[in-house]
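Peer 1: The structure under discussion is supplied below as structure tokens; questions concerning it will follow.
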Amino acid sequence: MAAARGCLCSCARPMLPRLCVGLVAGPGSLLRAAAYSTALGVGSAGPSQREVAASRRSRTSQIARNRRVPGAPRTEKMAVDQDWSNVYPTAAAFNPSSVPLPIRMGYPVKRGVPPPKGGNLELIKIPNFLHLTPPAIKKHCAALKDFCTEWPTVLDSDEKCEQHFPIEIETVDYVSAGPSVRNPKARVVTLRVKLSKLNLDDHAKKKLIKLVGERYCKDTDMLTITTDRCPLRRQNYDYGIYLLTVLYHESWKTEMWENEKTEADMEEYIWENSPSQKNALDTLLRIRAAEKITEVTREELLGSEMVENYKTSVVVLKNGETENNILQYKESVMKLLNLRA
Amino acid sequence: MLRSVKGVICQGPKLDSGYFLHASARAWLSAAVNQDAQIPAEKPRAVFRTNESNPANHAEQHEGQHYSIPLQEVKVVFPHGLPYRFQMQMKTFNESCLMVRKPALELLGYLKSTNLAHPAIRYVIYGEKGTGKTMTLCHAIHYCAKQDWLVLHIPDAHVWVKNCRELMQSSYNKERFDQPLEASTWLKNFKTSNDHFLKEIKTQQTYMWSKRESTEKGRPLGEVVEQGLTRVKNASDAVGVVLKELKQQCPLGAFRLLVAVDGINALWGQTTLRKKDKSAVSPEELTLVHNLRKMVVNDWNGGAIVTTLSQTGSLFKPRSAYLPHELLGKEGFDTLDPFIPIRVSNYSQREFESCYQYYLDRKWLQHDRARTEEGRKELLFLSNSNPWQLERISAYL
């Protein structure tokens, strides 16, 4: 094939008209032409071969001559106090000759080191934030400043912000280069509010938590409502505010069926009227009866210190069981039943 | 597959060492008799053994030491109560040695100071898997048996809520189900341990078993047990009658009753049994469980109720669960409340040393490295001082 190509290239030049015969026919015919040419005579074959070889060498040297010699990498020309945002003004792939850092990345060869940055695909594949250095961000802020209003000086701490603006609204704007500026994700609105800022009593708070379910986080006392059911952002915001209003008013109301709340629905353990209280009182009454002390009343027993102690230990145990809780429970039961260790 | 192979390997050395031990034990005993005067031979014994075989006299100084129970007593007191591996160990070593540990001493202290006029106090022994809860319970049972209490021992309540082949509808109450096989096994073992009591206690009312069979008022309780054993169909009801009679008569003071239940969390959990229409059977629909639940309520006096929580045989509970509320569930906790929880944990340094010396003395650890300090450290590390784990590892050595 190389020989055929060589032949074709040499045919391009006007110096060898002999081999132009088989030009259009294809490689098979060229070979035949070549065979034909060799059959003509040794003398004529020799110079053609030499000329083919010579043309090949000169062609590669021409390619070599035409090939541009790469200059020094940019890193060598960088000043120490240069403006980095000129090197990476936008998000761009990692360029080893533009980044003057001796970074190594990749899995090291046996008893070797990670490969250097030159031609390192691993460094090019990963996203980089070379375009977002602090000076670059400062420039972004300076550019955006003209479009911003002043931050109110009164709100200088997080607590003051929370106090004056308890509801936080989160919206996201999307910018992309494309035929349309619309993005359906931009209609999502997230409303966040702390329940301690709302005026709720005990029953209202429990009812609200039951109504919202998973949207409430107990650790941060934050209610998060995310709406995206309307096509426009403004509509979603209105709907979110409406939901908050409805939840607040509904949780203050008490329905008739709420008095059917069973023990399984309770959020926390209440000791009054629980089997634990009954058992404890029964046991104590029986002990007193055995000792022939009959003047003791239930109220007196309920108010006594050891029953209080027992009550706290049971409540703590029911809410969360740990070794310590059980030891406390054990001590309180021993006091209750008058057992000595 | 692997498990069965392991089992074979386990059996192998045991049998050999068993025969070997017989000869060596006899020789050793005779040697000990001859060398009575030699004190140094006794000293290594004293670390892990004590001669005090009456649990009533066990005190803090015996902590960590093994005491042996004569095999005759074991047959009477524990017809069905010792863990399976312990029974195999008993057969191999030809002696049954229990370690005296702190939780057991605590429990014995409470039992000694029980006020028989007060309602029965409930004790719940809990702890991680394999720490010795059942053995603590057995220690308490031995004490009570020695003190001539009537011991009502249910070896494993989990057996009653799973793998029942014959589930019959109860004749007494249409809603409930009988388990004839389990009930008759239990009655047989109960008879072995409490024969003399059964002759003395009389029934307080007449019980009709069928149109022709009945037990009159005033007959000894042993007859009820016989009825249950001969007519297996009525076994569960016989168990119910026995429990009811004992509960009624114990406050009168003729005897002291110890209710010992192993794996009490089975009574309030779930069962794997199914009715004919494939719906699940809940525990209270089983006669045996229903009657036992009535027994562990503290509306009677004149005894004590000692129970253990067990995750090992339990159904639908995760392996890491060991705290009372986790295993008992809400219902169980509310029924048993107020109770005294007793914690059993892994071996302490002293106890581990004692157990290790015991195994060495019984020539159970055959490996050469087992005697060295390194071997001991390795055993400590591998078992993490967990008694169950230590026993299993030592079986391979």
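The values are calculated or read from the model by the stated rules, or taken from the named source; none is laboratory data. This one's a predicted model, so the numbers in the text were calculated from it and none came from an experiment. FYI the Cβ positions are ideal-geometry reconstructions off the backbone, even for glycines, and counts take in every protein chain you see.
Peer 1: Which of the residues spanning the range B:83-105 are touching a Ser or Thr at 6+ places or on another chain (Cβ under 9 Å) and within 19 Å of B:Asn346 (Cα to Cα)?
Peer 2: Answer for the range B:83-105, where residues must be touching a Ser or Thr at 6+ places or on another chain (Cβ under 9 Å) and within 19 Å of B:Asn346 (Cα to Cα): B:Pro83, B:Phe86, B:Cys97, B:Leu98, B:Met99, B:Val100, B:Arg101, B:Lys102, B:Pro103, B:Ala104.
Peer 1: Taking A:Glu300 and the conditions (1) away from every other protein chain (no Cβ under 12 Å); (2) of a type in the set (Asp, Glu); (3) buried (at least 16 other Cβ atoms within 10 Å of the Cβ), which numbered condition does it fall short on, given that it satisfies the others?
Peer 2: If we test A:Glu300 against (1) away from every other protein chain (no Cβ under 12 Å); (2) of a type in the set (Asp, Glu); (3) buried (at least 16 other Cβ atoms within 10 Å of the Cβ), just (3) comes out false.
Peer 1: When you look at A:Glu162, is it surrounded by 10 or more Cβ atoms within 10 Å (Cβ to Cβ), under 27 Å from A:Met105 (Cα atoms) and of a type in the set (Asp, Glu), yes or no? Show your work before the answer.
Peer 2: Values: surrounded by 10 or more Cβ atoms within 10 Å (Cβ to Cβ): yes; under 27 Å from A:Met105 (Cα atoms): no; of a type in the set (Asp, Glu): yes.
Here the answer is no, as A:Glu162 does not meet what is asked.
Peer 1: If I go through the range B:278-321 residue by residue, how many of them are among the aromatic types (Phe, Trp, Tyr) and either within 22 Å of B:Met168 (Cα to Cα) or in contact (Cβ under 8 Å) with a residue 60 or more places away in the chain (or both)?
Peer 2: First, pick out the residues of the range B:278-321 that are among the aromatic types (Phe, Trp, Tyr): B:300, B:316.
Among the residues that remain, those that are also either within 22 Å of B:Met168 (Cα to Cα) or in contact (Cβ under 8 Å) with a residue 60 or more places away in the chain (or both) are: B:300.
Qualifying residue count, the range B:278-321: 1.
The rows are residues; the columns are (1) over 30 Å from B:Ser210 (Cβ atoms); (2) of a type in the set (Ser, Thr, Tyr); (3) in contact with a helix residue (DSSP H, G or I) (Cβ under 6 Å, 6 or more places away or on another chain).
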residue: B:Cys250; (1), (2), (3): no, no, no
residue: B:Val289; (1), (2), (3): no, no, yes
residue: B:Asp299; (1), (2), (3): yes, no, no
residue: B:Gly303; (1), (2), (3): yes, no, yes
residue: B:Pro324; (1), (2), (3): yes, no, no
residue: B:Val344; (1), (2), (3): yes, no, yes
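Peer 1: Working carefully through the options B:Leu82, B:Leu107, B:Leu152, find the one that is within 25 Å of A:Lys330 (Cβ to Cβ) and away from chain A (no Cβ under 14 Å). If you could, list the steps in order and put the result at the bottom.
Peer 2: Numbers: B:Leu82 fails: within 25 Å of A:Lys330 (Cβ to Cβ); B:Leu107 fails: away from chain A (no Cβ under 14 Å).
Matching residue, one of B:Leu82, B:Leu107, B:Leu152: B:Leu152.
Peer 1: Report yes if A:Lys330 is crowded, with 17+ Cβ neighbours inside 10 Å, closer than 22 Å to B:Thr114 by Cβ, modelled with pLDDT of 80 or more and within 9 Å of chain B (Cβ to nearest Cβ), otherwise no.
Peer 2: Working: crowded, with 17+ Cβ neighbours inside 10 Å: yes; closer than 22 Å to B:Thr114 by Cβ: yes; modelled with pLDDT of 80 or more: yes; within 9 Å of chain B (Cβ to nearest Cβ): yes.
Yes; evaluated as a whole, the condition is true for this residue.
Peer 1: Does any residue of the range B:130-152 turn out to be in a loop (DSSP other than H, G, I, E, B), of a type in the set (Ser, Thr, Tyr) and free of Cβ contacts under 8 Å to residues at least 12 places away in the same chain? Step through it out loud before you land on a result.
Peer 2: We begin by selecting, within the range B:130-152, every residue in a loop (DSSP other than H, G, I, E, B); these are B:130-132, B:147-149.
From what's left, of a type in the set (Ser, Thr, Tyr): B:131.
Filter once more, keeping what is free of Cβ contacts under 8 Å to residues at least 12 places away in the same chain: none.
Looking through the range B:130-152, none of the residues is in a loop (DSSP other than H, G, I, E, B), of a type in the set (Ser, Thr, Tyr) and free of Cβ contacts under 8 Å to residues at least 12 places away in the same chain.
Peer 1: Residue by residue through the range B:322-354, note down the ones that are in contact (Cβ under 8 Å) with a residue 60 or more places away in the chain, more than 14 Å from every other protein chain (Cβ to nearest Cβ) and of a type in the set (Ser, Thr, Tyr).
Peer 2: The answer is B:Ser348, B:Ser354.
Peer 1: OK, next. If we keep just the residues of the range B:278-317 that are farther than 18 Å from B:Asp262 by Cβ and within 14 Å of chain A (Cβ to nearest Cβ), which is surrounded by the fewest Cβ atoms within 10 Å (Cβ to Cβ)?
Peer 2: Within the range B:278-317, the subset farther than 18 Å from B:Asp262 by Cβ is B:278-282, B:284-285, B:287, B:290, B:294, B:297-302, B:316.
Next cut, within 14 Å of chain A (Cβ to nearest Cβ) only: B:297-302.
On the way: B:Val297: 16, B:Asn298: 22, B:Asp299: 12, B:Trp300: 20, B:Asn301: 21, B:Gly302: 22.
That would be B:Asp299.
Peer 1: Please work out which residue is nearest to the other protein chains (Cβ to nearest Cβ), limiting yourself to the range A:268-297 and to residues that are charged (D, E, K, R) and surrounded by 10 or more Cβ atoms within 10 Å (Cβ to Cβ). Lay out the reasoning, then the answer.
Peer 2: Narrowing the range A:268-297 to residues charged (D, E, K, R): A:268, A:272, A:278, A:282, A:286, A:288, A:291-292, A:295.
Filter once more, keeping what is surrounded by 10 or more Cβ atoms within 10 Å (Cβ to Cβ): A:278, A:282, A:286, A:288, A:291.
On the way: A:Lys278: 9, A:Asp282: 8, A:Arg286: 5, A:Arg288: 10, A:Glu291: 8 Å.
By that ranking, first place goes to A:Arg286.
Peer 1: Please tell me if A:Tyr242 is surrounded by 10 or more Cβ atoms within 10 Å (Cβ to Cβ) and part of a helix (DSSP H, G or I).
Peer 2: Working: surrounded by 10 or more Cβ atoms within 10 Å (Cβ to Cβ): yes; part of a helix (DSSP H, G or I): yes.
When the stated conditions are applied, A:Tyr242 passes them.
Peer 1: Follow-up question, since we're still on this one. Take the range B:293-343 and flag every residue that is under 27 Å from B:Glu245 (Cβ atoms), of a type in the set (A, V, I, L, M, F, W, C) and in a loop (DSSP other than H, G, I, E, B).
Peer 2: Within the range B:293-343, B:Val296, B:Val297, B:Trp300, B:Phe339 meet the criteria.
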